[in-house]
Amino acid sequence: MKILVVDDFSTMRRIVKNLLRDLGFVNTVEADDGLTALPKLQAGGIDFLVTDWNMPGMTGLDLLKAVRADPKLAHLPVLMVTAEAKRDQIIMAAQAGVNGYIIKPFTAATLKEKIEKIFERIDG
Amino acid sequence: MSDDTRLGLAKQLVIALEQGDDASTDQLLDDIAGVRETQLFREVGKLTRQLHDALGSFAFDAKIASITENDIPDAKERLNYVISMTEQAANQTLTAVENLLTVSQQLDSEACILSGKWERFRAREMPYEEFKEMSQEITQHFKQADERLLEIQSGLNDILMAQSFQDITGQIIRKVIDLVKNLEDNMVGIIRVSSAKKVPNKDELLGPVVPGIDDKQNDVASDQVDVDDLLSSLGF
(Lines give C-alpha, C1' and ligand atoms only; values in the text may rest on other atoms or scores of the structure.)
Protein backbone atom coordinates (compact mmCIF):
# COMPACT_ATOMS: atom_id res chain seq x y z
CA MET A 1 0.00 0.00 0.00
CA LYS A 2 1.64 3.21 -1.21
CA ILE A 3 0.17 6.51 0.03
CA LEU A 4 0.72 9.99 -1.40
CA VAL A 5 0.50 12.79 1.19
CA VAL A 6 -0.11 16.26 -0.29
CA ASP A 7 0.16 19.40 1.87
CA ASP A 8 2.00 22.69 1.40
CA PHE A 9 3.19 22.68 5.03
CA SER A 10 6.05 20.26 5.54
CA THR A 11 5.28 19.92 9.27
CA MET A 12 1.79 18.70 8.42
CA ARG A 13 3.18 16.19 5.90
CA ARG A 14 5.54 14.87 8.57
CA ILE A 15 2.71 14.54 11.08
CA VAL A 16 0.47 12.69 8.63
CA LYS A 17 3.35 10.43 7.55
CA ASN A 18 4.17 9.58 11.18
CA LEU A 19 0.54 8.86 11.99
CA LEU A 20 0.23 6.66 8.93
CA ARG A 21 3.36 4.76 9.93
CA ASP A 22 1.84 4.26 13.37
CA LEU A 23 -1.20 2.74 11.66
CA GLY A 24 1.05 0.34 9.73
CA PHE A 25 1.36 2.27 6.46
CA VAL A 26 5.12 2.61 6.03
CA ASN A 27 5.24 3.31 2.30
CA THR A 28 4.45 7.00 1.84
CA VAL A 29 5.49 9.68 -0.63
CA GLU A 30 4.98 13.44 -0.43
CA ALA A 31 4.02 16.36 -2.66
CA ASP A 32 3.56 20.01 -1.72
CA ASP A 33 0.59 20.88 -3.96
CA GLY A 34 -1.69 19.54 -6.69
CA LEU A 35 0.72 20.43 -9.49
CA THR A 36 3.52 18.30 -8.05
CA ALA A 37 1.13 15.57 -6.89
CA LEU A 38 -0.59 14.92 -10.20
CA PRO A 39 2.49 13.67 -12.12
CA LYS A 40 3.32 11.37 -9.19
CA LEU A 41 -0.20 9.94 -9.34
CA GLN A 42 -0.11 9.61 -13.12
CA ALA A 43 3.22 7.78 -12.93
CA GLY A 44 1.26 5.00 -11.18
CA GLY A 45 1.77 2.86 -8.09
CA ILE A 46 -0.13 5.10 -5.64
CA ASP A 47 -2.97 3.30 -3.85
CA PHE A 48 -4.30 6.05 -1.62
CA LEU A 49 -4.27 9.85 -1.67
CA VAL A 50 -4.34 12.08 1.41
CA THR A 51 -4.57 15.75 0.46
CA ASP A 52 -4.97 19.22 1.93
CA TRP A 53 -7.33 21.67 0.18
CA ASN A 54 -5.82 25.14 0.38
CA MET A 55 -2.48 24.99 -1.44
CA PRO A 56 -0.73 27.33 -3.87
CA GLY A 57 -0.46 26.21 -7.49
CA MET A 58 -3.23 23.64 -7.57
CA THR A 59 -5.70 23.17 -4.73
CA GLY A 60 -6.73 19.82 -3.29
CA LEU A 61 -10.21 20.17 -4.77
CA ASP A 62 -8.79 20.70 -8.26
CA LEU A 63 -6.47 17.74 -7.69
CA LEU A 64 -9.47 15.62 -6.66
CA LYS A 65 -11.36 16.69 -9.79
CA ALA A 66 -8.33 15.91 -11.97
CA VAL A 67 -8.05 12.47 -10.35
CA ARG A 68 -11.73 11.68 -10.93
CA ALA A 69 -11.49 12.89 -14.53
CA ASP A 70 -8.54 10.59 -15.31
CA PRO A 71 -9.80 7.10 -16.26
CA LYS A 72 -6.66 5.49 -14.83
CA LEU A 73 -7.05 7.26 -11.46
CA ALA A 74 -10.82 7.66 -11.21
CA HIS A 75 -11.20 4.95 -8.54
CA LEU A 76 -8.31 6.07 -6.33
CA PRO A 77 -9.53 6.57 -2.74
CA VAL A 78 -9.03 10.19 -1.67
CA LEU A 79 -9.06 11.49 1.90
CA MET A 80 -9.14 15.24 2.37
CA VAL A 81 -7.45 16.64 5.49
CA THR A 82 -8.05 20.39 5.59
CA ALA A 83 -8.82 23.45 7.68
CA GLU A 84 -11.67 24.36 5.31
CA ALA A 85 -14.84 23.88 7.36
CA LYS A 86 -17.48 25.77 5.40
CA ARG A 87 -20.50 23.56 4.87
CA ASP A 88 -20.69 24.60 1.20
CA GLN A 89 -17.09 23.53 0.72
CA ILE A 90 -17.59 20.15 2.38
CA ILE A 91 -20.56 19.60 0.08
CA MET A 92 -18.41 20.63 -2.92
CA ALA A 93 -15.77 18.09 -1.95
CA ALA A 94 -18.41 15.41 -1.52
CA GLN A 95 -19.85 16.19 -4.93
CA ALA A 96 -16.37 16.06 -6.46
CA GLY A 97 -16.10 12.48 -5.16
CA VAL A 98 -14.01 12.66 -2.00
CA ASN A 99 -13.98 9.42 0.07
CA GLY A 100 -13.37 11.02 3.46
CA TYR A 101 -13.13 14.52 4.93
CA ILE A 102 -11.19 15.46 8.06
CA ILE A 103 -10.97 19.01 9.42
CA LYS A 104 -7.84 20.33 11.09
CA PRO A 105 -6.84 20.26 13.85
CA PHE A 106 -7.51 16.51 13.99
CA THR A 107 -6.54 13.59 16.18
CA ALA A 108 -4.74 10.33 15.41
CA ALA A 109 -7.97 8.48 16.30
CA THR A 110 -9.95 10.44 13.68
CA LEU A 111 -7.42 9.65 10.96
CA LYS A 112 -7.46 5.96 11.89
CA GLU A 113 -11.27 5.84 11.92
CA LYS A 114 -11.66 7.57 8.53
CA ILE A 115 -9.02 5.43 6.82
CA GLU A 116 -10.55 2.24 8.20
CA LYS A 117 -13.98 3.36 7.03
CA ILE A 118 -12.71 4.07 3.52
CA PHE A 119 -11.06 0.66 3.18
CA GLU A 120 -14.04 -1.10 4.74
CA ARG A 121 -16.23 0.38 2.03
CA ILE A 122 -13.78 -0.48 -0.74
CA ASP A 123 -13.29 -4.06 0.45
CA GLY A 124 -16.96 -4.57 1.25
CA MET B 1 -4.90 89.06 -17.11
CA SER B 2 -2.98 91.86 -15.44
CA ASP B 3 -4.50 95.20 -14.43
CA ASP B 4 -2.22 97.00 -16.88
CA THR B 5 -3.48 94.93 -19.77
CA ARG B 6 -7.07 95.52 -18.74
CA LEU B 7 -6.45 99.24 -18.31
CA GLY B 8 -4.81 99.27 -21.72
CA LEU B 9 -7.81 97.53 -23.27
CA ALA B 10 -10.23 99.92 -21.50
CA LYS B 11 -8.30 102.98 -22.77
CA GLN B 12 -8.34 101.57 -26.31
CA LEU B 13 -12.07 100.98 -25.91
CA VAL B 14 -12.68 104.60 -24.82
CA ILE B 15 -10.63 105.85 -27.79
CA ALA B 16 -12.53 103.58 -30.18
CA LEU B 17 -15.88 104.77 -28.76
CA GLU B 18 -14.86 108.44 -28.98
CA GLN B 19 -13.77 107.94 -32.57
CA GLY B 20 -16.99 106.05 -33.33
CA ASP B 21 -14.96 103.07 -34.59
CA ASP B 22 -17.64 100.35 -34.25
CA ALA B 23 -15.50 97.51 -35.60
CA SER B 24 -12.69 98.19 -33.11
CA THR B 25 -15.20 98.67 -30.25
CA ASP B 26 -16.80 95.23 -30.90
CA GLN B 27 -13.40 93.58 -31.24
CA LEU B 28 -12.19 95.09 -27.94
CA LEU B 29 -15.38 94.10 -26.08
CA ASP B 30 -15.02 90.51 -27.38
CA ASP B 31 -11.39 90.45 -26.26
CA ILE B 32 -12.27 91.57 -22.72
CA ALA B 33 -15.18 89.11 -22.42
CA GLY B 34 -13.07 86.30 -23.97
CA VAL B 35 -10.43 86.70 -21.32
CA ARG B 36 -13.15 86.47 -18.68
CA GLU B 37 -14.59 83.28 -20.20
CA THR B 38 -11.22 81.57 -20.45
CA GLN B 39 -10.63 82.26 -16.78
CA LEU B 40 -14.07 80.94 -15.87
CA PHE B 41 -13.51 77.71 -17.81
CA ARG B 42 -10.16 77.27 -16.13
CA GLU B 43 -11.80 77.68 -12.72
CA VAL B 44 -14.58 75.19 -13.56
CA GLY B 45 -11.96 72.73 -14.81
CA LYS B 46 -10.01 73.07 -11.59
CA LEU B 47 -13.15 72.54 -9.48
CA THR B 48 -14.11 69.48 -11.54
CA ARG B 49 -10.71 67.93 -10.98
CA GLN B 50 -10.87 68.63 -7.26
CA LEU B 51 -14.32 67.06 -7.08
CA HIS B 52 -13.11 63.97 -8.97
CA ASP B 53 -10.10 63.61 -6.68
CA ALA B 54 -12.25 64.09 -3.60
CA LEU B 55 -14.62 61.36 -4.80
CA GLY B 56 -11.65 59.08 -5.51
CA SER B 57 -10.20 59.54 -2.04
CA PHE B 58 -13.65 59.10 -0.56
CA ALA B 59 -13.84 55.61 -2.09
CA PHE B 60 -10.50 54.79 -0.45
CA ASP B 61 -11.67 56.26 2.84
CA ALA B 62 -14.64 53.88 2.79
CA LYS B 63 -12.32 50.90 2.29
CA ILE B 64 -10.01 52.10 5.05
CA ALA B 65 -13.04 52.55 7.29
CA SER B 66 -14.12 48.98 6.64
CA ILE B 67 -10.59 47.76 7.36
CA THR B 68 -10.44 49.64 10.67
CA GLU B 69 -13.95 48.65 11.70
CA ASN B 70 -13.91 44.98 10.74
CA ASP B 71 -10.62 43.63 9.51
CA ILE B 72 -8.28 44.98 12.17
CA PRO B 73 -10.35 43.74 15.14
CA ASP B 74 -10.66 40.45 13.19
CA ALA B 75 -6.91 40.33 12.77
CA LYS B 76 -6.43 40.94 16.48
CA GLU B 77 -8.74 38.02 17.27
CA ARG B 78 -6.90 35.85 14.76
CA LEU B 79 -3.54 36.69 16.28
CA ASN B 80 -4.93 36.01 19.76
CA TYR B 81 -6.02 32.62 18.48
CA VAL B 82 -2.49 32.01 17.19
CA ILE B 83 -1.16 32.82 20.66
CA SER B 84 -3.58 30.44 22.33
CA MET B 85 -2.88 27.65 19.80
CA THR B 86 0.89 27.97 20.15
CA GLU B 87 0.56 28.12 23.93
CA GLN B 88 -1.58 25.00 23.90
CA ALA B 89 0.95 23.21 21.69
CA ALA B 90 3.83 24.29 23.91
CA ASN B 91 2.01 23.09 27.03
CA GLN B 92 1.07 19.78 25.43
CA THR B 93 4.70 19.25 24.40
CA LEU B 94 6.09 20.28 27.80
CA THR B 95 3.66 18.03 29.67
CA ALA B 96 4.59 15.09 27.48
CA VAL B 97 8.31 15.77 27.85
CA GLU B 98 8.04 16.09 31.64
CA ASN B 99 6.16 12.80 31.88
CA LEU B 100 8.60 11.08 29.54
CA LEU B 101 11.59 12.30 31.52
CA THR B 102 10.15 10.81 34.72
CA VAL B 103 9.44 7.51 32.98
CA SER B 104 12.90 7.30 31.43
CA GLN B 105 14.57 8.21 34.75
CA GLN B 106 12.64 5.41 36.47
CA LEU B 107 13.69 2.95 33.78
CA ASP B 108 17.27 4.14 34.04
CA SER B 109 17.51 3.81 37.84
CA GLU B 110 15.93 0.33 37.80
CA ALA B 111 18.28 -0.79 35.04
CA CYS B 112 21.24 0.57 37.01
CA ILE B 113 20.34 -1.32 40.17
CA LEU B 114 19.68 -4.53 38.25
CA SER B 115 22.85 -4.23 36.23
CA GLY B 116 24.87 -3.87 39.50
CA LYS B 117 23.25 -7.00 40.89
CA TRP B 118 23.77 -8.83 37.58
CA GLU B 119 27.50 -8.04 37.70
CA ARG B 120 27.71 -9.48 41.23
CA PHE B 121 25.90 -12.58 40.05
CA ARG B 122 28.32 -13.02 37.12
CA ALA B 123 31.24 -12.59 39.50
CA ARG B 124 29.67 -15.41 41.54
CA GLU B 125 29.32 -13.13 44.53
CA MET B 126 25.58 -13.61 44.99
CA PRO B 127 24.03 -15.97 47.50
CA TYR B 128 21.18 -18.17 46.20
CA GLU B 129 18.47 -16.37 48.24
CA GLU B 130 19.47 -13.03 46.77
CA PHE B 131 19.56 -14.54 43.27
CA LYS B 132 15.94 -15.69 43.68
CA GLU B 133 15.02 -12.17 44.70
CA MET B 134 16.88 -10.66 41.73
CA SER B 135 15.20 -13.05 39.32
CA GLN B 136 11.84 -11.79 40.53
CA GLU B 137 13.01 -8.21 40.22
CA ILE B 138 14.12 -8.83 36.63
CA THR B 139 10.72 -10.31 35.74
CA GLN B 140 9.05 -7.33 37.33
CA HIS B 141 11.39 -4.95 35.48
CA PHE B 142 10.60 -6.46 32.06
CA LYS B 143 6.91 -6.17 32.74
CA GLN B 144 7.21 -2.54 33.79
CA ALA B 145 9.60 -1.70 30.97
CA ASP B 146 6.98 -2.89 28.52
CA GLU B 147 4.32 -0.63 30.05
CA ARG B 148 6.70 2.31 30.26
CA LEU B 149 7.81 1.97 26.66
CA LEU B 150 4.16 2.11 25.63
CA GLU B 151 3.83 5.25 27.76
CA ILE B 152 6.86 6.71 26.00
CA GLN B 153 5.39 5.92 22.60
CA SER B 154 2.10 7.56 23.47
CA GLY B 155 3.92 10.61 24.85
CA LEU B 156 5.96 10.89 21.67
CA ASN B 157 2.75 10.73 19.65
CA ASP B 158 1.33 13.58 21.76
CA ILE B 159 4.42 15.66 20.96
CA LEU B 160 4.05 14.81 17.29
CA MET B 161 0.40 15.86 17.21
CA ALA B 162 1.13 19.07 19.12
CA GLN B 163 3.22 20.25 16.16
CA SER B 164 0.13 20.46 13.95
CA PHE B 165 -0.40 24.01 15.27
CA GLN B 166 2.25 25.24 12.84
CA ASP B 167 0.08 24.54 9.81
CA ILE B 168 -2.98 26.23 11.33
CA THR B 169 -1.18 29.26 12.74
CA GLY B 170 0.80 29.60 9.52
CA GLN B 171 -2.41 29.90 7.54
CA ILE B 172 -3.89 32.41 10.00
CA ILE B 173 -0.77 34.58 10.01
CA ARG B 174 -0.73 34.56 6.23
CA LYS B 175 -4.26 35.98 6.32
CA VAL B 176 -3.17 38.78 8.64
CA ILE B 177 -0.20 39.50 6.37
CA ASP B 178 -2.65 39.80 3.47
CA LEU B 179 -4.66 42.29 5.51
CA VAL B 180 -1.59 44.37 6.35
CA LYS B 181 -0.63 44.36 2.68
CA ASN B 182 -4.13 45.41 1.73
CA LEU B 183 -4.00 48.24 4.26
CA GLU B 184 -0.62 49.30 2.93
CA ASP B 185 -1.95 49.34 -0.64
CA ASN B 186 -4.87 51.48 0.46
CA MET B 187 -2.67 53.96 2.26
CA VAL B 188 -0.47 54.24 -0.81
CA GLY B 189 -3.66 54.62 -2.83
CA ILE B 190 -4.87 57.52 -0.71
CA ILE B 191 -1.56 59.25 -1.10
CA ARG B 192 -1.69 58.81 -4.84
CA VAL B 193 -5.44 59.51 -4.93
CA SER B 194 -5.87 57.19 -7.85
CA SER B 195 -9.19 55.61 -8.68
CA ALA B 196 -7.95 52.02 -9.04
CA LYS B 197 -10.44 49.52 -7.66
CA LYS B 198 -9.82 46.12 -6.10
CA VAL B 199 -12.49 43.52 -6.71
CA PRO B 200 -12.94 41.02 -3.83
CA ASN B 201 -12.45 37.39 -4.78
CA LYS B 202 -15.57 35.37 -4.02
CA ASP B 203 -13.92 31.96 -4.43
CA GLU B 204 -11.38 32.73 -1.74
CA LEU B 205 -10.81 29.82 0.65
CA LEU B 206 -11.70 30.57 4.24
CA GLY B 207 -8.83 28.69 5.87
CA PRO B 208 -8.81 27.70 9.53
CA VAL B 209 -11.97 28.69 11.37
CA VAL B 210 -11.14 31.11 14.18
CA PRO B 211 -13.84 30.70 16.84
CA GLY B 212 -15.93 33.84 17.33
CA ILE B 213 -14.99 35.31 13.93
CA ASP B 214 -15.48 32.84 11.12
CA ASP B 215 -18.36 30.91 12.67
CA LYS B 216 -20.65 33.94 13.12
CA GLN B 217 -22.83 33.06 10.12
CA ASN B 218 -23.26 29.51 11.25
CA ASP B 219 -22.14 28.22 7.86
CA VAL B 220 -19.07 26.33 9.02
CA ALA B 221 -18.65 22.91 10.57
CA SER B 222 -17.48 23.42 14.15
CA ASP B 223 -15.82 20.03 14.56
CA GLN B 224 -15.31 16.61 13.01
CA VAL B 225 -18.66 15.36 14.34
CA ASP B 226 -20.34 18.21 12.46
CA VAL B 227 -18.49 17.24 9.26
CA ASP B 228 -19.45 13.58 9.70
CA ASP B 229 -23.10 14.51 10.26
CA LEU B 230 -23.14 16.69 7.18
CA LEU B 231 -21.54 14.00 5.02
CA SER B 232 -23.84 11.28 6.33
CA SER B 233 -26.81 13.51 5.51
CA LEU B 234 -25.44 13.51 1.94
CA GLY B 235 -25.43 9.71 1.92
CA PHE B 236 -21.80 9.15 2.90
*C-alpha center-to-center spacing [region A:95-124, region A:27-76] in angstrom*: 16
*Accessible surface, chain A, averaged per residue in Å² (probe 1.4 Å)*: 43
*Counting only protein heavy atoms and using a 1.4 Å probe, what share of the accessible area of region B:1-127 belongs to carbon plus sulfur, as a whole percent?*
57
_Among A:33, A:70, A:47: highest mean-square fluctuation, GNM of chain A, C-alpha pairs under 10 Å_ = A:70
_chain B: relative contact order as a whole-number percent, Cα under 8 Å and 6+ apart_ = 29
*Using only Cα atoms, tell me the angle between helix B:165-192 and the longest principal axis of chain B; keep it within 0 to 90° and round to the nearest 10.*
10
*Highest GNM mean-square fluctuation, chain B, Cα pairs closer than 10 Å: which of B:138, B:32, B:172?*
B:32
*Can you pull the Rg over Rh of chain A, Cα-only, Kirkwood?*
0.92
*So how far apart, in nm, are the two label points at residue B:142 and residue B:68 if each is 7 Å from Cα heading toward Cβ?*
7.5
*Given the pairs A:86/A:114; A:114/B:175; A:65/A:114; A:117/B:143; A:117/B:175; A:17/B:143, which span a C-alpha to C-alpha distance of over 24 angstrom in this model?*
A:114/B:175; A:117/B:143; A:117/B:175; A:17/B:143
_How shielded is B:222-228 by partner chains, expressed as the average number of their Cβ atoms within 10 Å of its Cβ atoms?_
6
*Ballpark to the nearest 100 Å², how much total accessible area do A and B bury together, probe 1.4 Å?*
2800
*Peptide A:81-92, shielding by other chains (average Cβ, 10 Å cutoff)*: 6
*For the protein assembly as shown, restrict the atom set to alpha-carbon positions and state the Rg and Dmax in Å.*
37.5, 153
*Which loop GluC sites (Glu not before Pro) in region B:106-162, with loop taken from DSSP, have no more than 13 other Cβ atoms within 10 angstrom of their Cβ?*
B:125
*What's log10 of I(q)/I(0) for region B:114-236 at q = 0.15 Å⁻¹, Debye sum over Cα points only, no solvent?*
-0.97
*With a probe of 1.4 Å, find how much accessible area chain B has per residue, and write the answer as a whole number in Å².*
71
*Mind telling me which of B:11, B:216, B:117 comes out most flexible in a GNM of chain B, alpha-carbon contacts under 10 Å?*
B:11
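The values are calculated or read from the model by the stated rules, or taken from the named source; none is laboratory data. Remember, predicted model here, so these are calculated numbers, not experimental data. Please note: Cβ atoms are built from the backbone with ideal geometry, for glycine as well, and neighbour counts cover all protein chains shown. To get the accessible areas, we keep the full protein, side chains included, count just its heavy atoms, and leave off ligands, DNA and RNA. Shrake-Rupley method; radii C 1.70, N 1.55, O 1.52, S 1.80 Å.
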